[in-house]
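Below is one structure, written out as structure tokens; the observations come after it.
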């Protein structure tokens, strides 16, 4: 019997290869078929961002009932993985046309982690919510240039990582798109060649909300849908 940890790592490796192939397929397709999934803006420091009114609803899941008053402010992690903050609200795209209602629900069901999706909600951002976007390696490098900090690995090597606490002062959340994840998940390339931490471990397209800036939060159970919000 293969240990669960080994299966999980294999699934992540397969998912990474599929994301890379999807990225290649997209950029090999005719230019007119590649339309942006959101309206982009650039801050004065050239950091890419978008506004809540230009993005589709996302799904947030947890093992407990959602209470915005209990959302903890984001903090920089004190240990690995340094590419994920503590606190905040994690959400993934709502995909009613797929088998599962979100990539996160699919991930949990395929990895026997259904305890994380006991309560799922559809979240609608406020129109003026300001979300930083990583849609490419260049976007990530620009973010690190203005919102980065240096940490030391156990072997003493310096790595630049995101300073989520600083980022939260200017933005309401951070969105890593599917394309951004595909370009920024190569752990060896980014850490050893560029000296920056990769986004390996994010697993799928996600938004980390630094604060629950939502105009509406509705339980997925109360919305008619054909996609699966629970594991079989």
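The values are calculated or read from the model by the stated rules, or taken from the named source; none is laboratory data. Keep in mind that what you see is a predicted model, and the values were worked out from it rather than measured. Reconstructed Cβ throughout: ideal geometry from the backbone, glycine too, with neighbour counts over all protein chains shown.
When residues of segment 98-123 are filtered for being surrounded by fewer than 18 Cβ atoms within 10 Å (Cβ to Cβ) and closer than 20 Å to residue 216 by Cα, how many remain?
Result for segment 98-123: 2.
Scan (1) part of a strand (DSSP E or B); (2) at pLDDT 95 or above for the single condition residue 128 breaks and write down its number.
Only one criterion is unmet by residue 128, namely (1).
Could you please let me know if residue 57 is surrounded by fewer than 21 Cβ atoms within 10 Å (Cβ to Cβ), in contact (Cβ under 8 Å) with a residue 24 or more places away in the chain and within 30 Å of residue 157 (Cα to Cα)? Lay out the reasoning, then the answer.
Numbers: surrounded by fewer than 21 Cβ atoms within 10 Å (Cβ to Cβ): yes; in contact (Cβ under 8 Å) with a residue 24 or more places away in the chain: yes; within 30 Å of residue 157 (Cα to Cα): no.
Spelling it out, it is not the case that residue 57 is surrounded by fewer than 21 Cβ atoms within 10 Å (Cβ to Cβ), in contact (Cβ under 8 Å) with a residue 24 or more places away in the chain and within 30 Å of residue 157 (Cα to Cα).
Would you check if residue 227 is surrounded by 17 or more Cβ atoms within 10 Å (Cβ to Cβ), in contact with a helix residue (DSSP H, G or I) (Cβ under 9 Å, 6 or more places away or on another chain) and either over 23 Å from residue 75 (Cβ atoms) or at pLDDT 90 or above (or both)?
Numbers: surrounded by 17 or more Cβ atoms within 10 Å (Cβ to Cβ): yes; in contact with a helix residue (DSSP H, G or I) (Cβ under 9 Å, 6 or more places away or on another chain): yes; either over 23 Å from residue 75 (Cβ atoms) or at pLDDT 90 or above (or both): yes.
So residue 227 passes the test.
Specify the residue that is modelled with the highest pLDDT; the eligible residues are those in segment 187-215 that are surrounded by fewer than 18 Cβ atoms within 10 Å (Cβ to Cβ) and closer than 14 Å to residue 83 by Cα. Step through it out loud before you land on a result.
Step one: filter segment 187-215 for residues surrounded by fewer than 18 Cβ atoms within 10 Å (Cβ to Cβ), giving 187-189, 191-195, 201, 204, 211, 215.
With closer than 14 Å to residue 83 by Cα added as a condition, the list becomes 187, 191, 195, 201, 204.
On the way: 187: 74, 191: 76, 195: 81, 201: 86, 204: 92.
Top of the filtered list is 204.
If you take the residues of segment 23-39 that are surrounded by 12 or more Cβ atoms within 10 Å (Cβ to Cβ) and within 17 Å of residue 206 (Cα to Cα), which of them is modelled with the highest pLDDT?
Looking at the filtered set, the residue picked out is 38.
Please count how many residues of segment 174-220 are free of Cβ contacts under 8 Å to residues at least 60 places away in the same chain and at negative phi. Break it down stepwise before answering.
As a first pass, look at segment 174-220 and keep what is free of Cβ contacts under 8 Å to residues at least 60 places away in the same chain: 174, 176, 180, 184, 186-196.
Of the ones still in play, those that are also at negative phi are 174, 176, 180, 184, 186-194, 196.
Matching residues across segment 174-220 total 14.
Assess whether residue 45 counts as being under 16 Å from residue 167 (Cβ atoms) and within 17 Å of the chain's Cα centre (by Cα).
Details: under 16 Å from residue 167 (Cβ atoms): yes; within 17 Å of the chain's Cα centre (by Cα): no.
So residue 45 does not fit the description; no.
Could you check segment 60-80 and list, in sequence order, the residues that are in a strand (DSSP E or B) and surrounded by fewer than 18 Cβ atoms within 10 Å (Cβ to Cβ)?
Restricting attention to segment 60-80, the residues satisfying the condition of being in a strand (DSSP E or B) are 60-62, 75.
Listed by number, the residues that qualify are 62, 75.
Every residue in segment 81-97 that is assigned to a loop (DSSP other than H, G, I, E, B) and surrounded by 13 or more Cβ atoms within 10 Å (Cβ to Cβ), please.
Selection gives 81, 82, 83, 84, 85, 87, 88, 94, 95, 96.
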